[in-house]
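The numbers here are math on the coordinates, done by the rules we state, and not lab data. Computed from a predicted structure; not experimentally measured. Please note: Cβ atoms are built from the backbone with ideal geometry, for glycine as well, and neighbour counts cover all protein chains shown.
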Amino acid sequence: MDNFIHNIISSYNYWAALILIMIGMYGMIAKNNLLKKVIGMSIFQSAIILFYISISYKTNAAIPIIIHGHGATEHVAIDPTLYVNPLPHVLMLTAIVVGVATLGVALAVLQKIHRVHGTIEEDEIMESIKE
Amino acid sequence: MKLLTLLLSLLVGAFLIWSVQDLPDWGDPQSPASTYLSPHYIEKAVEETSVPNIITAVLADYRGFDTMYETVVIFCAGLTVLIILRRTPRKDKKVIKPRPQREGADIILQNTARLLIPPMQIFALYVIAHGHHSPGGGFQGGVILGASFILLALAYDLKSALQRFKEKTMLFYSALGVLIYAGIGVGCLLLGKNFLAYAAWSKLLGITELAAHSHGMLGVEIGVAFTVMAIMFSLYTDLASGGDMDEGL
Amino acid sequence: MISAQVPILIELLPLLSGLAITVFAQKNKNLAFFLLLLGMTGSFSAACTALFQVLQGNGPIHYRLGDWAPPFGIELVIDHLSAMVLCMVSGASLLTLLYSKRTVEAEIPDRIHHYYTLYALLVSGLLGMVATGDIFNLYVLLEISALASYALLARGRGLAYIATFKYIILGTIGACFYLLGVGYIYIKTGTLNMADLSVMLTTAEMHDSISIKIGFILIILGIWVKMGFFPLHGWLPNAYSCASTTTSCLIAPLMTKVAVYIMIRLMFSVFSADYIFKTLQWQQEVVWMACIAIVVGSLSALAQRDLKRMLCYIVVAEIGYMVGGIWLANSSGFSGAVYHIMSDIMMTLCLFMAVGAVIYKTGDSSLEAMRGVFRKMPVTAAVFLVCGLSIIGIPPTCGFFSKWYLISGAIETGQWHFVAALLFSSLINVILFFRIIEIGYFSKFDEHGHATHQDIVVNEAPASMLAPMIVSAASLILIGLYTDVILRNIIQWTIPAGL
């Protein structure tokens, strides 16, 4: 039991992200309202971003901007443990952009669906198709 | 159906959480992710690119190819929304029922917007230009610039915002931004180095290779800002007006 | 000097031409077409040069972007497999572009230049996916081609919007799974470079790690969603069959095949045959799934009354061939699958082009549209016939040889159910195509009742559509005739260690 609690405490960042992923996935698949599906999609993507950003964290480390870095002509030794890992931040900048792009496209398609079918409830759309 | 999905999601979640025990603890400085590539970036970024903000250095230089395609993603999203939604008003178009509009103009809102927009845009320029030394860069600055136009459209109306930033100009800027980025890369190619190896510019500009890295990144960030600004506003105008560019929110 | 820059030119030229269209050709649709043609031709010739270089030189070409050494920067890697797929993708998109001149003008008259820009971005993304040697870069490029394909698919017919929306939701789930899988692998190894990963993942510790296993499962699931492998194929038939003619000609052959290529790349260049077939041991289950995919795809194709939907289900079955062939875990199965990527790009392209020409002329996409097609559109019908023979697997078309290798691979490992599924699907394909040929050749003209030979006017599709169709049909036969050369010079080198 102690071990279990220790596991949770030492890795609650993963727990949080993974639970959010579950919520997002449930929303994307189960919800009847198409806009709610889009919201689920957004939650899913944001959860993954959280997951990555939490990887980059190191205890007692600061943001990865070198202090007094500008114009340093003489070679100063930099201690890598003082700065968090920059790579996941870079990757997630890309993922955020992709998320925004997908969200925009999904909303545009949704507007068109609403214009054509007059509703964004999935079951009502399916009924109107069958008729 | 819903229950089934719930079970499926829980199953996937349980599966993922099961793996957590195998992952390094939160904030562990000895985790592989923190000990393999990242020390090199942290130690060498200033030396190799003369940019103290390591995120900018990695984003625009080490992984510049990623970022170029990221800019293309934004451009692509703008075009996608445009091609899906945009309706060109015809001469003989049906009269679309006007949506309920707010009565008159809100003087407080409009004057606040007038006061706020110029400082916003100047701050955006600062964010773009200072991305080498502090948090910021092309994406962040571009979003702020785009937001300033959205504020204009919200406080006044879509038409007056579109008069200042026309649809044609938006498209032109969005493509121009990616072209600036790719152009800097192609320049390196023509100057005899690999794509996006900014050091190639040093001879032409008469600066050291180190400074060329820094300058190249600045140029790239400016390109990114152009695209992001134009596309953010374009997404807003298309989505808010349903593709008619007529009446906004 | 320029020869060293070939790897980047392959995906850069379509991108630049797409941007140039938005900047310079807002008004002039002929200029837009010309610019894109220029980009595509350049890209195709660059891809051919790369293939030539790979065949001449020894070993793959590595290209460092920004001159940064690999684990820190991104690199492009072109080996025999990727050079071949690059050639096929750029060639197929060039052919589709030539074909599209008339259809785009008919189907999307208002926004031709935007359509062409998105076309260029899609192709650039696909080519980049094939060339890249970095798993995160792969994600970005995957999303570019996905976004562009959403746009192109949404501008379709009928229920295109709702089909596209479903594709967006499922496609995003797939992409997110992939991203999450990459995250797991990054946590455990700290790197994103494929070559680097393949070295790190060989250790015993990594073989036993649960999180690496889950990372692999997530990645492979994500790619299966993207390619439309059997239980996850729900979005594919709707999205592709509602698309406009040009879009389906471009997307149906390329997207799924590039996804299969990515699966191969990740399975054997990032992980290893050893890890997948010895440590995971799901080989049997996946081959069974592939069998079900083939059977279900073929049967559903038989049930369709719409030509395009029928072709979409054939695509689903063909994915089963390739996935099954790879998971057979022996060298003949693998070479059959790789050879099938090549021939299937051409077969699908050719089929969708022929059907597109019929739809262009008749405006109808049901089976009835084929009525009298052999007399009205003799060239289109001949092309369709060649494709049909190739899909069924009759020599000397390339379809025969890919099935031959797939079946011999299955026999070598004793997976008789895969052999049975392949033969069953061939049988169904015989029925499918002879049904159409019967409608096209033998059936009478009901509406006139007494129609005779003299009444029928040859009403063939325009030459700009016929030429690419003939080229692709000829390539089906040529690929078949030169099977031996292709296998000896290209495919033999692609077989990964441990198979």
**OP:** Report the label-to-label distance for C:D67 and B:T112 in nanometres (one decimal), using points 7 Å from each Cα along the Cα→Cβ vector.
**Re:** 5.2
**OP:** Using R₀ = 56 Å, calculate the FRET efficiency as 1/(1 + (r/R₀)^6) where r is the Cβ-Cβ separation of B:S134 and C:F442; round to 0.05.
**Re:** 0.15
**OP:** List, in order, the whole-Hz ³J(HN,Hα) value for each residue of region A:94-107 obtained from phi through the Karplus relation with A = 6.51, B = -1.76, C = 1.60 and θ = phi - 60°; use x for Gly and Pro.
**Re:** 5, 5, 4, 4, 4, x, 4, 4, 5, 4, x, 5, 4, 5
**OP:** Give the Rg/Rh ratio for region C:344-499, taking Rg as the radius of gyration of the Cα atoms and Rh as the Kirkwood radius, to two decimals.
**Re:** 1.07
**OP:** Determine, for each peptide in C:252-264, A:25-37, B:68-80, C:272-284, the mean count of other beta carbons within 10 angstrom over its residues, then list the peptides with the highest first.
**Re:** B:68-80, C:252-264, A:25-37, C:272-284
Original post:
How big is the Kirkwood radius of region C:358-434, worked out from every pair of different alpha carbons and given in Å to one decimal?
Top reply: 14.1
**OP:** Over the Cα atoms of region C:19-95, compute the convex hull volume and normalise it per residue, giving Å³.
**Re:** 104
**OP:** Write down Rg/Rh for region B:117-249, rounded to two decimals, with Rg from the C-alpha atoms and Rh from the Kirkwood relation over Cα pairs.
**Re:** 1.08
Subject >> Averaged over B:175-181, number of beta-carbon atoms from partner chains that fall within 10 Å >> reply: 4
Original post:
How far is helix B:107-129 tilted, in degrees, relative to the longest principal axis of the Cα atoms in chain B, given as a value from 0 to 90 rounded to the nearest 10?
Top reply: 20
Original post:
Dividing the alpha-carbon Rg of region C:189-332 by 2.2 N^0.38 Å yields what?
Top reply: 1.15
Original post:
When the helices in chain B are scored as -39500 (n - 2.57) per DSSP H run of 4 or longer and the sum is shared across all residues, what 222 nm value do you end up with, to the nearest 500 deg cm²/dmol?
Top reply: -22500 deg cm²/dmol
Original post:
Averaged over C:346-354, how many beta carbons belonging to a partner chain fall within 10 Å of each residue's beta carbon?
Top reply: 0
Original post:
Under 5 Å between amide H atoms, partner at least 5 residues away or on a different chain: which partners does A:N33 have, H built in plane at 1.01 Å?
Top reply: A:E122
Subject >> Reciprocal of mean inverse Cα separation for region C:68-122 (Kirkwood radius, Å) >> reply: 13.7
**OP:** Take the alpha carbon gyration tensor of chain A, find the square roots of its eigenvalues, order them as a ≥ b ≥ c, and report rounded if a/c is under 1.5; if not, report prolate when a/b exceeds b/c, else oblate.
**Re:** oblate
Original post:
How do C:334-340, C:349-355, A:90-96 rank on mean C-beta neighbours within 10 Å, highest first?
Top reply: C:349-355, C:334-340, A:90-96
Subject >> Using θ = phi - 60° and Karplus 6.51 cos²θ - 1.76 cosθ + 1.60, couplings along region C:18-23 (whole Hz; Gly, Pro as x) >> reply: x, 5, 4, 4, 5, 7
**OP:** For chain B, would you read off the P(r) tail past 29 Å as a percentage of all alpha carbon pairs?
**Re:** 49
Original post:
Using alpha carbons only, what's the Rg to Rh ratio of region C:316-359 with Rh from Kirkwood?
Top reply: 1.14
Original post:
Taking θ as phi - 60°, what are the ³J(HN,Hα) couplings along region B:36-53 by the Karplus curve (6.51, -1.76, 1.60), each to the nearest whole Hz, with x for Gly and Pro?
Top reply: 9, 8, 5, x, 4, 4, 5, 6, 9, 4, 5, 5, 8, 10, 6, 10, x, 7
Subject >> Equivalent ellipsoid dimensions for the protein assembly as shown as semi-axes, Å, which come from the Cα gyration tensor, largest first >> reply: 42, 34, 27
**OP:** Take every Cα pair under 8 Å in chain B that's 6+ residues apart, average their separations, divide by the length, and report that relative contact order as a whole percent.
**Re:** 25
Subject >> Order by protection proxy (mean Cβ within 10 Å, highest first), peptides B:182-195, B:105-118, C:375-388 >> reply: C:375-388, B:182-195, B:105-118
Original post:
Against the longest principal axis of chain A, how steep is helix A:12-30, in degrees 0 to 90 to the nearest 10, with axes from Cα atoms?
Top reply: 20
Original post:
Which of the pairs B:K166/B:K203; A:K112/B:K168; A:K58/B:K44; A:K130/C:K29 have their Cα atoms more than 29 Å apart in this structure?
Top reply: B:K166/B:K203; A:K130/C:K29
**OP:** Just tell me how shielded C:192-204 is by partners: mean number of partner chain Cβ atoms within 10 Å of each residue's Cβ, no decimals.
**Re:** 1
Subject >> As computed over region C:218-282, the Cα convex hull volume per residue (Å³) >> reply: 77
**OP:** With N denoting the number of residues in chain C, provide Rg(C-alpha) divided by 2.2 N^0.38 Å, to two decimal places.
**Re:** 0.94
